[in-house]
Amino acid sequence: MDARMKDLEQLAVLDPARGREPSAMEWTRSQAFVERVMAGEVNPRSARRPVGRWLAVGVAAAVAGAVGVVVAPALLPGTAQKAIASWTAEPSSRTGEQVLPQARECAGNDVGGSSSAVQPMDVLLAEQRGVATLLIMKKSSGTIVECLSVGKDQLASMGLADGRPLPALPAGTVNLETMSSTGSGDSMWSNIIGLVGSGVTGVEVRLDNGRVFQASVKAGWWAAWWPGPEGGEVDHLTVIVHTPTGSTSYRPSELS
């Protein structure tokens with residue numbers, strides 16, 4: 001046997017996703033994307049997920065998981081620094097009414113199609129950390145998207161679901177929809193987003209350096225962002241899920 005093949009076999013053991021089967025949602029997304037490619041609807045530079053792409057303003061992006069990247073020209077180089085400088089480990093929950101200006105900006109971008117009319121009820125989850133607002137909202141097309149912004153300046157936007165019914169998770173559990181990191185050096189930041197089952201009372205993220213921060217949980221979703229590169233690295237953090245009966249810790253690779 002070629003010695004190089006032995007090397008490949010040894011490396012395969014180190015693959016953190018070895019033996020992992022895609023979830024039903026991931027298979028559905030992959031099938032939909034293949035169909036779009038066959039129909040000639042996908043540009044070779046577009047995202048690998050049917051409705052998942054970052055629009056990162058002024059920074060480079062690195063993504064862990066099945067998420068493609070589109071980098072926009074550098075327009076607001078100071079916005080990310082402002083967001084990072086004011087970041088807090090505990091977010092403040094916001095209502096749809098409170099973040100309606102940011103929701104309108106998010107709805108107006110081309111991720112998942114542009115929405116002309118935005119209602120407070122379209123905002124599924126919204127949090128404030130310092131000067132930055134993270135929200136998950138439904139567009140008029142039915143696509144669910146995430147946006148991170150400072151005022152009306154959008155840092156990034158990503159499609160999360162394409163309007164089809166979301167899977168019902170077992171009570172007390174969460175999954176991982178996307179995890180990524182964006183930027184470089186001191187301007188690098190990460191995010192993590194997933195679905196939650198009934199009975200989940202809270203979600204925390206613990207980085208391997210010991211830092212712990214709270215995620216927002218609402219309307220069947222959980223989400224957080226933070227300064228640092230861990231979202232673009234494999235299993236450099238732990239997700240802690242709280243329920244009335246106790247807490248359970250997971251590495252991202254254990255969440256489907």
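The values are calculated or read from the model by the stated rules, or taken from the named source; none is laboratory data. Computed from a predicted structure; not experimentally measured. Cβ placement follows ideal geometry from the backbone for every residue including glycine, while neighbour counts extend to all protein chains displayed.
Tabulated data for the structure shown
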{"item": "Failed item in (1) closer than 30 Å to GLY163 by Cβ; (2) within 20 Å of the chain's Cα centre (by Cα), with ILE84 passing the rest", "result": "(1)"}
{"item": "Only listed residue being in a strand (DSSP E or B), modelled with pLDDT under 85 and not small (Gly, Ala, Ser), chosen from LEU125, LEU55", "result": "LEU55"}
{"item": "Single residue of ILE136, ILE144 found to be among the aliphatic types (A, V, I, L, M), closer than 20 Å to VAL196 by Cβ and touching a Gly at 6+ places or on another chain (Cβ under 9 Å)", "result": "ILE144"}
{"item": "Qualifying residue in segment 144-157 (condition: closer than 29 Å to GLU254 by Cβ, among the small types (Gly, Ala, Ser) and touching a Leu at 6+ places or on another chain (Cβ under 9 Å))", "result": "yes"}
{"item": "Residues (at negative phi and part of a loop (DSSP other than H, G, I, E, B)) located in segment 128-160", "result": "VAL131, LYS139, SER140, SER141, THR143, LYS152"}
{"item": "Residue within segment 112-120 that is crowded, with 22+ Cβ neighbours inside 10 Å and polar (S, T, N, Q) present", "result": "no"}
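Residue by residue, here is whether (1) surrounded by fewer than 17 Cβ atoms within 10 Å (Cβ to Cβ); (2) modelled with pLDDT of 95 or more; (3) within 14 Å of the chain's Cα centre (by Cα) holds:
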site: ASP186; (1), (2), (3): yes, no, no
site: VAL217; (1), (2), (3): no, yes, yes
site: ALA224; (1), (2), (3): no, yes, yes
site: SER247; (1), (2), (3): yes, yes, no
site: ARG251; (1), (2), (3): yes, yes, no
